[in-house]
Amino acid sequence: MNLKRIHYTSAIFLFFFVSLHLWNHSFGIFGSNVHIQKMSDLRILYRNIIFESILVLSIAVQIYTGVRLFLIRRKYQKTFYEKIQIWSGLYLSFFFLNHLGAIFVGRWILDLDTNFFFGIAGLNLFPWNIFFIPYYFLAIVSFFGHLASIHNQKMQAYVLGVSPLIQSHFILGVGLLFSFYIIFGFTNQFQGYEIPVEYQFLKGR
């Protein structure tokens, strides 16, 4: 298997997990209790040693192959979606590495349940939110941008008279709107969330 095929193969499992993860986050706007309940339901599936091991392996493969592909292809991408594909992939590699590390620190060092409050802590504490708001926003946009790029590359057929290029634009547009929606739901300036003291680790306990 060549580098590209390994990257695509590992991406299938990761796509499944990220889609579930974003679906869970879409409930943040309805309050912490709803979000945590949905997360608890999903954890029955992915909080087991087999799933987590495959997930960590998939992320490691994605980061390694993604960076390698970026270094190989960065000089040869000319179209908008060719550039979106490699740059969104590079950002996702950066995000996965940092996000996975943060989860491990939260669970194993800080001894916290890495739930809704762990996720929103950085988004709601100044000055950390200056970093974390664009950090999460760009991660979601990059995920949809990567999908839009692959769709543009693979899709050849018109759908309801809409060209593959416009379909890709639509996917990217949905990603932008969804990113705003998630950040809106996770930001207590809008929702009035109270972060428990134990999750205010960014400013000390």
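Please list ILE72, ILE183 from largest to smallest accessible area, probe radius 1.4 Å, with all protein chains kept in place.
Listed by decreasing accessible area, they come as ILE72, ILE183.
Please report the net charge: other residues with Cβ closer than 13 Å to the Cβ of ARG107, K and R +1, D and E -1.
-1
Skipping prolines and chain starts, which residues have an amide H placed within reach, meaning under 5 Å, of the one on ASN115, given they are 5 or more residues away or on another chain?
Those qualifying (amide H under 5 Å, at least 5 residues apart or on another chain) number zero.
If you add up the charges near VAL56, with Lys and Arg at +1 and Asp and Glu at -1, over every other residue whose beta carbon is less than 14 angstrom from its beta carbon, what do you get? Numbers along the way, then the final one.
Values: positive: ARG47, ARG107; negative: GLU52.
Once all neighbours under 14 Å are counted, the net charge is +1.
How large is ³J(HN,Hα) for each residue in the stretch 130-139, as worked out from phi by the Karplus curve 6.51 cos²θ - 1.76 cosθ + 1.60 (θ = phi - 60°), to whole Hz, x for Gly and Pro?
Rounded to whole hertz, the list is 4, 8, 6, 5, x, 4, 6, 4, 5, 5.
Once the principal axes of the Cα atoms of the stretch 6-68 are found, what is the range along each, listed largest first in whole angstroms?
Sorted largest first, the three principal extents are 40, 24, 14 Å.
Per-residue accessible area for SER10 at 1.4 Å probe radius, Å² rounded to 10?
It works out to around 10 Å².
How much mean residue ellipticity at 222 nm does the chain get from its helices, if each DSSP H run of length 4 or more adds -39500 (n - 2.57) and you divide by all residues, to the nearest 500 deg cm²/dmol? List each step's numbers first, then the result.
On the way: 8 runs with 150 residues, N = 205.
The helix contribution divided over the chain gives -25000 deg cm²/dmol.
State the percentage of accessible surface on the stretch 37-177 attributable to carbon and sulfur atoms; use a 1.4 Å probe and exclude ligands, DNA and RNA. Could you put the intermediate results ahead of the total?
Details: 5760 of 7970 Å².
For the stretch 37-177, the apolar C and S fraction of the accessible surface comes to 72 percent.
Along each principal axis of its Cα atoms, how long is the stretch 83-179 end to end? Whole angstroms, biggest number first, please.
Principal axes ranked by extent give 52, 22, 21 Å for the Cα atoms.
Rounded to two decimal places and with Rh computed the Kirkwood way over Cα pairs, what is Rg over Rh for the chain? Provide the component values of the computation, followed by the final result.
On the way: Rg = 17.9 Å, Rh = 18.3 Å.
Result: Rg/Rh = 0.98.
Taking only Cα atoms, what is the 0 to 90° angle, nearest 10, from helix 32-46's long axis to the longest principal axis of the chain?
60
For the stretch 62-135, what is the accessible area per residue in Å², given a 1.4 Å probe and the full set of protein chains?
Values: 4160 Å² over 74 residues.
Value for the stretch 62-135: 56 Å² per residue.
Which trypsin sites (Lys or Arg not before Pro) in the stretch 44-119 pass both tests, a DSSP loop state and at most 11 other beta-carbon atoms within 10 Å? Display every interim value, and only then the final one.
Working: sites: ARG47, ARG68, ARG73, ARG74, LYS75, LYS78, LYS83, ARG107; in loops: ARG47, ARG74, LYS75, LYS78.
For trypsin sites (Lys or Arg not before Pro) across the stretch 44-119 that sit outside H, G, I, E and B with at most 11 neighbouring Cβ atoms in 10 Å, the list reads ARG47, LYS75, LYS78.
The values are calculated or read from the model by the stated rules, or taken from the named source; none is laboratory data. As the structure is a computational prediction, the values presented were derived from the model and not from experiment. All Cβ positions, glycine included, derive from the backbone under ideal geometry; neighbour counts span all protein chains shown. Surface accessibility is based on the protein's heavy atoms, side chains included, excluding ligands, DNA and RNA. Shrake-Rupley method; radii C 1.70, N 1.55, O 1.52, S 1.80 Å.
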